[in-house]
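Worksheet for the structure shown next.
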Amino acid sequence: MVKPLGINIQVEGASWDTIEQKMSSNAVLMGWGSHDPQEMYNVYSSKNAGIDYYNTSFYNNEKVEGYFEQALSATDSKTAMEKWKKAQ
């Protein structure tokens, strides 16, 4: 899909040692998938930017951060889930 745009992607598997060296300067696809909203927070929260394998792209969005905080501080699961969905 990106080739017509002049983007050539070469997919290669690599060890975590190699990925760690390249993940801040190259596109890296890492699989996450616990299906737990807390994982979304860990992977995308600006508070985790650059920590280990979390938020390697240094994503930061104030609106999303607000939804994260509201979800984390919710006192019932229904409200929390509504905020997690908005963050998504």
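Condition check ((1) at pLDDT below 95; (2) surrounded by fewer than 12 Cβ atoms within 10 Å (Cβ to Cβ)) across all residues:
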{"residue": "Met1", "(1), (2)": "yes, yes"}
{"residue": "Val43", "(1), (2)": "yes, no"}
{"residue": "Ala74", "(1), (2)": "no, no"}
{"residue": "Thr79", "(1), (2)": "no, no"}
Any residue in the range 38-67 that is closer than 21 Å to Met81 by Cα sitting within a Cβ distance under 9 Å of a residue that is at pLDDT 95 or above and among the β-branched types (Val, Ile, Thr)? List the pairs, counting only those 6 or more apart or interchain. Tyr44/Val64; Ser45/Val64; Ser46/Val64
Filter result (at positive phi and either buried (at least 17 other Cβ atoms within 10 Å of the Cβ) or aliphatic (A, V, I, L, M) (or both)) within the range 45-65: Asn55
Please find, within the range 1-26, the residue that is nearest to Ser57 (Cα to Cα) out of those that are hydrophobic (A, V, I, L, M, F, W, C) and not in a loop (DSSP other than H, G, I, E, B). Ile19
Name the residue that is modelled with the highest pLDDT, counting only residues in the range 27-37 that are under 20 Å from Lys86 (Cα atoms) and in a loop (DSSP other than H, G, I, E, B). Asp36
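Of the residues in the range 19-49, how many are of a type in the set (Asp, Glu) and farther than 26 Å from Ala71 by Cβ?
Selection size over the range 19-49: 1.
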Quick check on Gly31: is it under 11 Å from the mean Cα position of the chain (by Cα) and exposed (fewer than 10 other Cβ atoms within 10 Å of the Cβ)? yes
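The values are calculated or read from the model by the stated rules, or taken from the named source; none is laboratory data. Owing to the predicted nature of the structure, the values given are computational and were not obtained by experimental measurement. Don't worry about glycine lacking a Cβ; one is built from the backbone with ideal geometry, like all the others, and counts go over all protein chains shown.
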